[in-house]
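Data block below; observations after.
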Amino acid sequence: MMNAPIGVFDSGYGGLTVLKALEKALPNHDFLYLGDNARTPYGTRSFDVVYEYTLEAVKYLFNQNCPLVIIACNTASAKALRNIQQLDLPKIAPEKRVLGVIRPSVEKVAEITKNGHVGILGTVGTVVSESYPIELKKWSGGNVKSVVQEACPMWVPIVENNEIETEGADFFIKKNIDIILDKDKNIDTLILGCTHYPLLAKIIRKYVPNNIEILEQGQIVAEKLIDYLERHSEIEDKLTKSGDIKFQTTESVDIFEGKASLFLGRNVKAQKIHF
Ligand code: DGL
């Protein structure tokens, strides 16, 4: 029988931080990770292009027999998910599902903020889309009163180029943190709204006062996915469970395998694919 894995899609490597939490939470499920490394980053691309690329990837993962696709990329979740769910899915695969990372994060933040003052750190694309403020308004049940955002365009390149332990990284991280804390001095919860930022968590913590909770998405997405699968047996029953995890990339395998270990903390074997 052909595997029916959970597809996990990201513009590149960053989604591996989400996959890491998913494989820990659902160790028996099969996963197929797809990184569009040849066309990364998405964070600076237009709405239309991110939508086009993401739809291509989702269709590809459906063809690989994934009943469910998690868009692990914030930028793609912000710019493409709604269209795919509402316009494309009914036409191309009404029995399949596509979920993103913004809604679970928004639900979690609404649960834990005490004073309703929330900060979002993300790519330019995620911030400009206003997806977080819009979704927080919709899904926080009135618990969130103020949302400020800050785009951190240097943070993804810092991680991608393995410049994490450098003075440059400290400089840019402190700069963006100072700006967002200045936008709202009462923030009590900060969302790391980009797949790459968990790798910078230690440095971010240095510049964020201890009374502010910092939310990393991997754990949250995993928690919410378990809950989703409990409520949606029509999807859960289709997923195969042999603990198999495959990695595919649109870039060269050598490049992917070299960098993936930084995100996953272990070596992996990948396969190059074309859409
Ligand atoms: N994966 C993207 C995100 O979470 C960051 C990398 C990119 O810009 O493509 O927003």
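Evaluate segment 250-269: report whether one residue or more is closer than 25 Å to N115 by Cα and free of Cβ contacts under 8 Å to residues at least 24 places away in the same chain. No. Going through (1) crowded, with 18+ Cβ neighbours inside 10 Å; (2) over 16 Å from I220 (Cα atoms); (3) within 16 Å of the ligand (Cβ to nearest atom) one by one, Y60 falls short only on (3). Of the residues making up segment 43-56, those that are within 12 Å of the ligand (Cβ to nearest atom) and either under 15 Å from the mean Cα position of the chain (by Cα) or farther than 23 Å from V127 by Cβ (or both) are G43, V50, T54. Taking segment 119-214 as the region of interest, the helices (runs of 4 or more DSSP H) fully inside it that hold 2 or more residues being within 11 Å of the ligand (Cβ to nearest atom) are 124-129, 155-160. Under the condition of being in contact with a strand residue (DSSP E or B) (Cβ under 7 Å, 6 or more places away or on another chain) and either in a helix (DSSP H, G or I) or β-branched (V, I, T) (or both), the residues counted in segment 230-249 number 3.
Can you pull out every residue in segment 206-219 that is over 20 Å from the mean Cα position of the chain (by Cα) and either modelled with pLDDT under 95 or not aromatic (F, W, Y) (or both)?
K206, V208, P209, N210, N211, I212
Taken together, the residues in segment 61-93 that are in a helix (DSSP H, G or I) and not β-branched (V, I, T) amount to 18. Looking across segment 190-248, the residues that are closer than 22 Å to K79 by Cα, of a type in the set (A, V, I, L, M) and touching a Leu at 6+ places or on another chain (Cβ under 9 Å) come down to L190, I191, L192, L215, V221, A222, L225. Tell me, yes or no, whether segment 27-42 has at least one residue that is within 19 Å of G218 (Cβ to Cβ) and within 11 Å of the chain's Cα centre (by Cα). Within segment 27-42, not a single residue is within 19 Å of G218 (Cβ to Cβ) and within 11 Å of the chain's Cα centre (by Cα).
The lone criterion from (1) away from the ligand (no atom under 16 Å from the Cβ); (2) of a type in the set (A, V, I, L, M); (3) part of a loop (DSSP other than H, G, I, E, B) left unmet by A38 is number (1).
Within segment 87-116, residues that are without any contact (Cβ under 8 Å) to a residue 60 or more places away in the chain reach no partner that is surrounded by 21 or more Cβ atoms within 10 Å (Cβ to Cβ) and basic (K, R) with beta carbons closer than 7 Å at six or more positions or on different chains. Per the listing I112, I84, I92, the residue uniquely over 16 Å from the mean Cα position of the chain (by Cα), more than 10 Å from the ligand (Cβ to nearest atom) and surrounded by 19 or more Cβ atoms within 10 Å (Cβ to Cβ) is I84.
The values are calculated or read from the model by the stated rules, or taken from the named source; none is laboratory data. Only a predicted model underlies this, so the values are computations on that prediction, with no experimental measurement involved. Neighbour counts are summed over all protein chains in view; Cβ atoms, including those assigned to glycine, are modelled from backbone coordinates with ideal geometry.
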